[in-house]
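Structure record follows, encoded as structure tokens.
The values are calculated or read from the model by the stated rules, or taken from the named source; none is laboratory data. Only a predicted model underlies this, so the values are computations on that prediction, with no experimental measurement involved. Note that we place each Cβ from the backbone using ideal geometry, even for glycine, and neighbour counts take in every protein chain shown.
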Amino acid sequence: MSYVNAPIHDLLIRIKNAYMARKTTVEGVVYSKFKVNVLDLLKEYHFVKGYSIVEDGAKKYLNITLNVVKDPVNDIPEVKFFSKPSRPWYVGHKDLKIVAGGKGIGIISTNQGLLPVHEAKKRGLGGELIAEIY
């Protein structure tokens, strides 16, 4: 059994690598509520098609369905990480910027839950900036 030090980084990189390999699913991702919240944001902004939770005894796993890659330049997402387990990256609402001219989303953890950066800026919230996907 392997231990992942940065589970959100692992999730986002698995999704990116599956897109680069032109796969349509990512299977066997260890379940957590935080990952489900991230996947809900990715689904809302059409970076993934959907996901399902699979129970195997006492363990839960996530199976993620991806969009089909038609144009590699525009369909394969870029991921830029800010927070790390050893160094969280906190920003105020004045420091939040639109990601890739509005084509991408930034994921920020606020006291009101996970939000895209543009929504947090609209609400006047700061928090831990996790990653940008565009």
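Details
- Cβ-Cβ distances below 7 Å connect the following pairs, each with a first residue in segment 21-33 that is more than 18 Å from residue 69 (Cβ to Cβ), a second residue that is of a type in the set (A, V, I, L, M) and at pLDDT 95 or above, and a separation of six or more residues or different chains: 29/11; 29/62; 29/64; 31/53; 31/62.
- All of 96, 66 fail the test of being in contact with a Lys or Arg (Cβ under 7 Å, 6 or more places away or on another chain), closer than 28 Å to residue 124 by Cα and not aromatic (Phe, Trp, Tyr), apart from 96.
- Enumerated strands (runs of 3 or more DSSP E) restricted to segment 44-125, each holding at least 1 residues that are under 22 Å from residue 31 (Cβ atoms) and touching a His at 6+ places or on another chain (Cβ under 8 Å): 79-81
- Unmet requirement for residue 28, which otherwise passes all of (1) assigned to a strand (DSSP E or B); (2) loosely packed, with under 15 Cβ neighbours inside 10 Å; (3) on the phi < 0 side of the Ramachandran plot; (4) not acidic (Asp, Glu): (3)
- Meets criteria (among the acidic types (Asp, Glu) and either surrounded by 14 or more Cβ atoms within 10 Å (Cβ to Cβ) or touching a residue at least 40 places away in the same chain (Cβ under 8 Å) (or both)) for residue 10: yes
- Single residue of 93, 46 found to be under 18 Å from residue 132 (Cβ atoms), touching a helix residue (DSSP H, G or I) at 6+ places or on another chain (Cβ under 7 Å) and modelled with pLDDT under 95: 93
- Qualifying position, being among the small types (Gly, Ala, Ser), surrounded by 13 or more Cβ atoms within 10 Å (Cβ to Cβ) and over 12 Å from the mean Cα position of the chain (by Cα), among 52, 83: 83
- Criterion: within 14 Å of residue 12 (Cα to Cα) and free of Cβ contacts under 8 Å to residues at least 40 places away in the same chain - qualifying residue of 101, 106, 124: 106
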